[in-house]
């Protein structure tokens, strides 16, 4: 079953336009972003394909595969070879550094899980290199970059093996690595052993704040109330200890001008705190600042210019300038993480390491550059175990994607039975891990999906099964299947009045709405039967009723998106393979339509809500007499009812590209490649 709980998601034609339209008959391209039943029928056997069927009778464990060959570009940097938490980090103008950390099971500490490695990533290179080792494995240490020296302070070492009771001891050792010679220089020990602390520079002086001292058992920690200072430029450096008005660990600190800003952490009483304290290095005085507005346990912070930037587990970046009355929200990160690090580089921030929550699915490997304003785009490609090349069903929930079904051919017209698949996989966007999951009940493609609490619904689709005749042809299907993520199974959950593909789905408290689309059956004289009827299924029902209102005109393969109770329909194709000339808004409460402005007519695009606007991307537009795949991103402002274009072109192939709303951003996914690869990209229009 997927890792974690998935929460609330033919005939040849003559003209160039009609020829291209024929390629799209089975692709359910109109996407709707996510806002007790009988057992599912078993999938038929699939020649040349092996899979684990995760039902009650399955005895073998699902395959779990971690991607080790990763290509990145833009705002996504090469992932850590081993993801860690509670590590030290620093940045130079052209390099990033990670020191130590923990990669084992959370809250089950052992020396096997602790890292001694000092890792370096130089800008433009393909990956990370180990450049040195600490004398012993450490976690909960703090690091700063001083000139060409990488200096680390304290930390805790596990003296036990993984099979033994935990024995954790904090260290007082301080040392600096010469990055040119790759040799260590010993500094005076900290005034006392310390771990789970933070450190920052003001000028040449390092300030070590917070933390505790462990002497054996994990609950043996004694919190410190001292601020420790050391001038790294001194020929005879000596630590100085000053009182601090708090006792906290798992906190963050950043130096801004002559101010030291200390953020968040956990109190001696074991409660997370959002408190912010400021130390003025000139006067030696402490003052209180506004509380951090997010989750501040295991927080990370850094400084750029005259501001401090910090992020916690929810993955929202905030900034604060000493003297201001509040923190300001800056942007949403690609990943929620805590026990991570933020470092400044080139006017941007870089988020490294950490973990997304109190789970054991793995730590965050992906490294993210964070611009403080403007558009951001990052891309990542990994080897994939999936056989499907396109037209899968998708659920996106948190940092996990579940993919099922699809077509295994790169060709547009390969609709013979053997090209369809029922395989299921989950892909963790943070850990870059594939987990084999429950296959779809039938070998099928182009299902429309919508996330539900605890799983999702897959509706309609295109394929042969459950038809069994060797002479059967692929048709539109009516079945609705529900996926139960925690149980890792599918079950049938009603059906449409008739088969349907290339439609849109919307949902509110009144139920599930199905709009537009096509019923394709080549055994009929009229194989292409456009369906203008609108179906609604009440929340407590498995039956779809037909509404009195109908679509203003036939439309399939359109881009659809929902904001509140409005469902927006843009582009697509009508009868006779002509592009739909109008755009419509359907009100889910009043069941009425209103016209809206249209961009250039687009076929098989995706419409994604983000930040109160709608982003149209992917698909094809008509240029001259032909349809051409479009790399443009167009933006609709519902308040102004106007369209504009982003000053940006998608740098990846858009054929069969899928887009989804993701953490105030746009997640792009494709497996349409001659190689066995999955490419994901994150577009943040902020």
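From 434, 427, 513, which residue is farther than 30 Å from residue 68 by Cα, assigned by TED's automatic domain parsing to the domain that holds residue 387 and part of a strand (DSSP E or B)?
Values: 434 fails: farther than 30 Å from residue 68 by Cα; 427 fails: farther than 30 Å from residue 68 by Cα.
Of 434, 427, 513, the one residue that is farther than 30 Å from residue 68 by Cα, assigned by TED's automatic domain parsing to the domain that holds residue 387 and part of a strand (DSSP E or B) is 513.
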Exercise for review: Run residue 485 past the list (1) out of contact with any strand residue (DSSP E or B) (no Cβ under 6 Å at 6 or more places or on another chain); (2) buried (at least 24 other Cβ atoms within 10 Å of the Cβ); (3) at pLDDT below 95 and report the number of the one that doesn't hold.
Suggested key: (1)
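Among the residues that make up the range 64-77, is at least one of them touching a helix residue (DSSP H, G or I) at 6+ places or on another chain (Cβ under 9 Å) and surrounded by 15 or more Cβ atoms within 10 Å (Cβ to Cβ)? Steps first, please.
We begin by selecting, within the range 64-77, every residue touching a helix residue (DSSP H, G or I) at 6+ places or on another chain (Cβ under 9 Å); these are none.
Taking every residue of the range 64-77 in turn, none turns out to be touching a helix residue (DSSP H, G or I) at 6+ places or on another chain (Cβ under 9 Å) and surrounded by 15 or more Cβ atoms within 10 Å (Cβ to Cβ).
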Review point. In this structure, is residue 539 surrounded by fewer than 24 Cβ atoms within 10 Å (Cβ to Cβ), within 20 Å of residue 497 (Cβ to Cβ) and in contact with a helix residue (DSSP H, G or I) (Cβ under 7 Å, 6 or more places away or on another chain)?
Key: no
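Right, residue 242: over 22 Å from residue 372 (Cβ atoms) and part of a strand (DSSP E or B) or not?
Details: over 22 Å from residue 372 (Cβ atoms): yes; part of a strand (DSSP E or B): yes.
Yes: the conditions hold for residue 242.
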Exercise for review: Any chance you could count how many residues in the range 146-159 are closer than 16 Å to residue 116 by Cα and surrounded by fewer than 16 Cβ atoms within 10 Å (Cβ to Cβ)?
Suggested key: 1
Exercise for review: Filter the strands (runs of 3 or more DSSP E) completely within the range 82-150 down to those with at least 3 residues that are under 24 Å from residue 357 (Cβ atoms) and not assigned by TED's automatic domain parsing to the domain that holds residue 172.
Suggested key: none
Point to revise | Among residues of the range 296-320, those that are surrounded by fewer than 19 Cβ atoms within 10 Å (Cβ to Cβ), in contact with a strand residue (DSSP E or B) (Cβ under 7 Å, 6 or more places away or on another chain) and farther than 20 Å from residue 346 by Cα, counted | key: 0
Check your understanding: Do we find that residue 291 is in a loop (DSSP other than H, G, I, E, B) and assigned by TED's automatic domain parsing to the domain that holds residue 198 in this structure?
Key -> yes
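Report the residue count in the range 442-479 for those that are over 23 Å from residue 669 (Cα atoms) and crowded, with 24+ Cβ neighbours inside 10 Å.
As a first pass, look at the range 442-479 and keep what is over 23 Å from residue 669 (Cα atoms): 464-479.
Of the ones still in play, those that are also crowded, with 24+ Cβ neighbours inside 10 Å are 474, 476-477.
The qualifying residues number 3.
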Review point. Within the range 395-417, can one find any residue that is surrounded by fewer than 22 Cβ atoms within 10 Å (Cβ to Cβ), assigned to a strand (DSSP E or B) and assigned by TED's automatic domain parsing to the domain that holds residue 503?
Key: no
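The values are calculated or read from the model by the stated rules, or taken from the named source; none is laboratory data. Remember, predicted model here, so these are calculated numbers, not experimental data. So basically every Cβ, Gly included, is an ideal-geometry build from the backbone, and we count neighbours across all protein chains shown.
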